[in-house]
1. Bins of 5 Å, beginning at zero and ending with the bin holding the largest distance: percent of Cα pairs per bin for segment 86-207, please.
2. State whether the chain is rounded, prolate or oblate according to the following rule on the C-alpha gyration tensor (a ≥ b ≥ c being the square roots of its eigenvalues): a/c under 1.5 gives rounded; otherwise a/b larger than b/c gives prolate, and the remaining case gives oblate.
3. Using per-residue counts of other Cβ atoms within 10 Å, averaged over each peptide, order 272-285, 308-321, 250-263 from highest down.
4. Zone of V306 (label point 7 Å along Cα→Cβ, backbone N under 17 Å): which residues in segment 157-199?
5. What is the Cα centroid distance between segment 61-89 and segment 260-324, reported in whole angstrom?
6. Collect residues whose amide H, placed 1.01 Å from N in the peptide plane, falls under 5 Å from the amide H of C264; neighbours closer than 5 in sequence don't count.
7. How far apart, in nanometres, would the label points at E126 and T65 be if each is projected 7 angstrom from Cα along the Cα-to-Cβ direction?
8. Quick query: amide H of K286 versus all other amide H atoms, modeled in the peptide plane; which residues come in under 5 Å with a sequence gap of 5 or more or a different chain?
Amino acid sequence: MGHQQNRKKKMIIDTDPGIDDAMAIFVALQSPEVEVIGLTTIYGNVYTSLATRNALHLLEIAGRTDIPVAEGSHVTITKGTKLRVADFVHGADGLGNQNFPPPKGTPIKETAAEFLVRQAKLCPGEITVVALGPLTNIALAIELDPDFCKNVGQIVLLGGAFSVNGNVNPAAEANIFGDPDAADIVFTSGADILAVGINVTHQVIMTDADRDLLEQSGGKFAKYMCKILDVYYSYHHESYNTQGVYLHDPTTLLVAINPSLVTCMEGAVRVQTLGITRGLTIFFNKQKRFAEVNEWTGKPTVKVAVTVDAPTVHKLVMDRLMNS
Ligand SMILES: [Ca+2]
């Protein structure tokens, strides 16, 4: 462990900013355990071009324009162009309708998938990919380089609703619903995968009172978040009747830093790609030996988070935003 303690975890954040994406990116930049080596962008909360613009903008706010942004896919893995974009959750601009000025920076020439493949090859086993949007870029990286699954350290993804209702409809969680075919490729790829679903992230809530604390703290990132959080709070008040918001992306980011914040089950996950349950994630715990071969038979094992140390995650998010 000795030399490991000083070594920062190299992270690439695949993101669709997104209000809770912005929070996760800020938490990452405030985490001494982490070196963010790049952001890759994807549609989801907004279209990909706007996700790229927002990623560049957030790095400018943070004074971290040294971090490259690689633009991701504009279409699903099956070249689908009818995308579901959750602008009613995050605002038309993805960042709480603040009409921020356009960023000065531009994305690098490489695509997100090319960047992921190259970085994983450069530091085999060392890169943690934190996937906070639909999984198209990750699936494209897997298709681009058969060794990507071996080269990447761990993929920690926000996705799925394991044994609970989805948040797009009763079956599907938003990131998986965004590209179910890509999600199924990723889950069955054989890479080291830890899935954090909304069954876990719905346990981590930032309350209305927490927002007041952020405002009072005067922390740079805390104040920025307070500007953009209104839309996100309104959505939660209306849709869930909660006095607070779910910290999906920041929870996933912190789990990527420290997986012991969650406990996991291990087994195979398949994703429904068709029909009324499109986007449904079905976990098989590999305990029964079925008499007949099925679509889970022989598929690689992934980790699926089942419990979370919510108080610790909550405290880390608050502390890192306030002390900025
Ligand atoms: Ca996201």
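1. Histogram of Cα-Cα distances, whole percents per bin: 2, 10, 17, 19, 17, 15, 13, 6, 1.
2. Taking the square roots of the gyration eigenvalues as a ≥ b ≥ c, the chain is rounded.
3. Put in order of decreasing packing, that is 250-263, 308-321, 272-285.
4. Zone members listed by number: 161-165, 194-199.
5. The two parts, judged by their Cα centres, are 23 Å apart.
6. Under 5 Å from the amide H of C264: V306.
7. 2.8 nm
8. Amide H neighbours of K286: A268.
No lab work stands behind these numbers, since they all come straight from the coordinates. What you see is a predicted model; the values in this text were computed from it and never measured. Neighbour counts run over all protein chains shown; Cβ positions are idealised from the backbone, glycine included.
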